[in-house]
Amino acid sequence: MRCVAIEELKAGDRLARDVYAGGELVPLLRAGVRVSDSYRSSLQRVGITAVWIDDAFSEGIEPVEMLDEATKHRAKSAIQDAFHDVTRSMKTGGSLSERVVEDMHAVAEQIIRDIARNVHSALALNDLATADAYTLAHSLDVTTLGLSIGMRVMRTFGWLDALDKRRYDDVENRLVPLGVGLLLHDIGKLAVPPEILHKAGPLTGDEWTAVRAHPMLGIDILKKADGISPLARAVVRSHHERWNGSGYPDGKSGTDIHQFARIAAAADVFDALTSDRCYRAARAACEGYDFVVTRAGIDFDPEVVDIFKSFVAPYPPGTRVVLSDGHCGLVKDVCQDAVTRPVVRIVMDPSGAVVDPWEVDLSTSPELDIVGTEFSVPERTAA
Ligand SMILES: [Fe+2]
């Protein structure tokens, strides 16, 4: 399967994945459906910018799914419940209900189990989110990425206890509060006026101040919630702090920023850069990857970035790539030992002619590099 922009979608193309509109939990269109002109118009109307299709060129290309469908569904509905709870409680002065807090913990545990099962796969986050569903999908993607980083960071570099001593024990027990913090990291955005949060143009100074208040608004919202640990609260409060002290709300730097917040910062920025523009996902994923990697020691904890670059795929399966010898193809597989050098299925030669697909493994072809991610996949034959 591969991802195409709505404008490129043709009548007769077959959807490879369910398509969700807004924050809905039931798909608008199911995988396997052949797209008609009217379906395409409906997708455009609800703000879907790209979809996954199966075609002859991408047959057999299957991005590794970190989370089961059941986990995703449960997580999304738990996050949605939490959002509803908070919206209600802002009017009544209450807080997250006990049931929602319990759900958050159960969901975090379920995500951790799924991630642990796929611990040897390169991480390719390439789900689609529409603008309406952004916060929901973003919370889930940041949680998946943040927990995947956190698990490896704590196993590799340990964690600092209250006496600043590095420890390597108890990692598993720390993952649940990390997950809960990641699920709720942007909960304070519910207290930011939506017309500011979703404003299309540049923000004024006052509007920026309102947006930048969301970590502390989140802490306020959670103040009365029982069962949210200080570790989870550290993520909510400090995920916009930066390694060099240029972040907010407290302007902390280095290891004064809680390790969980340093993990969340990298996951949050990568996901924000790569979400909601799937037809450019190839370019966006590698741009997001490069951004995080080059900002090590500036915005992000170098230890976190070391782990990040070892297992996050800058070119996820289904991505279009142009090679240095002029051949073009789709990424077929990414091996965790060489995340920047995937296996590519060549579909076009340097003259632009369609070829019988063949594969090249860049991890064993040092003479070839990826030099671009933009080319038009030729007219396809439906699979
Ligand atoms: Fe945030």
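For the range 47-56: of the residues being β-branched (Val, Ile, Thr) and in a loop (DSSP other than H, G, I, E, B), which is least open to solvent (accessible area, probe 1.4 Å)?
Selected residue: Ile48.
Identify, please: which residue in the range 27-46 is assigned to a helix (DSSP H, G or I) and farther than 23 Å from Glu69 by Cα and is, among those, most open to solvent (accessible area, probe 1.4 Å)?
In this case the residue turns out to be Arg45.
For (1) closer than 30 Å to Leu231 by Cα; (2) among the acidic types (Asp, Glu); (3) in contact with a Pro (Cβ under 7 Å, 6 or more places away or on another chain), each residue gets a yes or a no:
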site: Ala267; (1), (2), (3): yes, no, no
site: Ser275; (1), (2), (3): yes, no, no
site: Phe300; (1), (2), (3): yes, no, no
site: Glu303; (1), (2), (3): yes, yes, no
site: Pro314; (1), (2), (3): yes, no, no
site: Pro317; (1), (2), (3): no, no, yes
site: Asp337; (1), (2), (3): no, yes, no
site: Val347; (1), (2), (3): no, no, yes
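Residues to consider are Gly251, Gly247, Gly227, Gly201; find the one that is in contact with a His (Cβ under 6 Å, 6 or more places away or on another chain) and not basic (Lys, Arg). Before you say what the answer is, go through the steps one by one.
Working: Gly251 fails: in contact with a His (Cβ under 6 Å, 6 or more places away or on another chain); Gly227 fails: in contact with a His (Cβ under 6 Å, 6 or more places away or on another chain); Gly201 fails: in contact with a His (Cβ under 6 Å, 6 or more places away or on another chain).
Just a single option satisfies the conditions, and that option is Gly247.
Can you confirm whether Ser97 is over 22 Å from Ser148 (Cα atoms), of a type in the set (Ser, Thr, Tyr) and in contact with a helix residue (DSSP H, G or I) (Cβ under 8 Å, 6 or more places away or on another chain)?
Judged against the criteria, Ser97 is a match.
Just checking, which of Asp164, Asp169 is open to solvent by less than 80 Å² (accessible area, probe 1.4 Å) and either away from the ligand (no atom under 16 Å from the Cβ) or within 18 Å of Asp81 (Cα to Cα) (or both)?
Asp169
What tally of residues in the range 72-110 results from selecting those that are surrounded by 14 or more Cβ atoms within 10 Å (Cβ to Cβ) and more than 13 Å from Leu183 (Cα to Cα)?
7
Based on this model, can you work out whether Thr255 counts as within 16 Å of the ligand (Cβ to nearest atom), open to solvent by 60 Å² or more (accessible area, probe 1.4 Å) and either among the basic types (Lys, Arg) or modelled with pLDDT of 90 or more (or both)?
Details: within 16 Å of the ligand (Cβ to nearest atom): no; open to solvent by 60 Å² or more (accessible area, probe 1.4 Å): yes; either among the basic types (Lys, Arg) or modelled with pLDDT of 90 or more (or both): yes.
No.
Would you be able to say whether some residue in the range 85-92 is away from the ligand (no atom under 16 Å from the Cβ), at pLDDT below 90, β-branched (Val, Ile, Thr) and in contact with a helix residue (DSSP H, G or I) (Cβ under 7 Å, 6 or more places away or on another chain)?
For the range 85-92, residues away from the ligand (no atom under 16 Å from the Cβ), at pLDDT below 90, β-branched (Val, Ile, Thr) and in contact with a helix residue (DSSP H, G or I) (Cβ under 7 Å, 6 or more places away or on another chain): present.
Out of the helices (runs of 4 or more DSSP H) lying entirely within the range 259-358, which hold 3 or more residues that are more than 16 Å from the ligand (Cβ to nearest atom)?
Where helices (runs of 4 or more DSSP H) fall fully within the range 259-358 and carry at least 3 residues being more than 16 Å from the ligand (Cβ to nearest atom), they are 281-294, 302-311.
Do we have Arg155 as open to solvent by 50 Å² or more (accessible area, probe 1.4 Å), away from the ligand (no atom under 16 Å from the Cβ), touching an Asp or Glu at 6+ places or on another chain (Cβ under 7 Å) and not small (Gly, Ala, Ser) here?
Spelling it out, it is not the case that Arg155 is open to solvent by 50 Å² or more (accessible area, probe 1.4 Å), away from the ligand (no atom under 16 Å from the Cβ), touching an Asp or Glu at 6+ places or on another chain (Cβ under 7 Å) and not small (Gly, Ala, Ser).
Restricting to the range 217-247, give me the number of residues that are assigned to a helix (DSSP H, G or I) and either touching a helix residue (DSSP H, G or I) at 6+ places or on another chain (Cβ under 7 Å) or within 14 Å of the ligand (Cβ to nearest atom) (or both).
Final tally of qualifying residues: 13.
Could you tell me how many of the residues in the range 172-209 are open to solvent by less than 70 Å² (accessible area, probe 1.4 Å) and more than 13 Å from the ligand (Cβ to nearest atom)? If you could, list the steps in order and put the result at the bottom.
So the first thing to find is which residues in the range 172-209 are open to solvent by less than 70 Å² (accessible area, probe 1.4 Å), and the list is 174-193, 196-197, 201, 203-205, 207.
If we keep only those that are more than 13 Å from the ligand (Cβ to nearest atom) too, we end up with 174-180, 193, 196, 201, 203-205, 207.
Residues flagged as open to solvent by less than 70 Å² (accessible area, probe 1.4 Å) and more than 13 Å from the ligand (Cβ to nearest atom) within the range 172-209 amount to 14.
State which residue is nearest to the chain's Cα centre (by Cα) when the search covers only the range 360-383 and only residues that are surrounded by fewer than 12 Cβ atoms within 10 Å (Cβ to Cβ) and modelled with pLDDT of 90 or more. Give the derivation first.
Step one: filter the range 360-383 for residues surrounded by fewer than 12 Cβ atoms within 10 Å (Cβ to Cβ), giving 364, 366-367, 371, 374, 376, 379, 381.
From the residues that got through so far, the ones that are modelled with pLDDT of 90 or more too are 364, 366-367, 371.
On the way: Thr364: 29, Pro366: 29, Glu367: 31, Val371: 24 Å.
It comes out as Val371.
Quick one: which residue in Ala353, Ala282 is closer than 21 Å to Ala5 by Cβ and modelled with pLDDT under 95? First the steps, then the outcome.
Numbers: Ala353 fails: closer than 21 Å to Ala5 by Cβ.
Sole residue among the options that is closer than 21 Å to Ala5 by Cβ and modelled with pLDDT under 95: Ala282.
Name the residue that is nearest to Ile307 (Cα to Cα), counting only residues in the range 320-342 that are surrounded by 21 or more Cβ atoms within 10 Å (Cβ to Cβ) and in contact with a Cys (Cβ under 8 Å, 6 or more places away or on another chain).
Taking the candidates together, the pick is Pro342.
The values are calculated or read from the model by the stated rules, or taken from the named source; none is laboratory data. Only a predicted model underlies this, so the values are computations on that prediction, with no experimental measurement involved. As a convention, Cβ positions derive from the backbone with ideal geometry for all residues, glycine included, and neighbour counts pool all protein chains shown. These area figures cover heavy atoms from the full protein model, side chains too; ligands, DNA and RNA do not enter into them. Shrake-Rupley method; radii C 1.70, N 1.55, O 1.52, S 1.80 Å.
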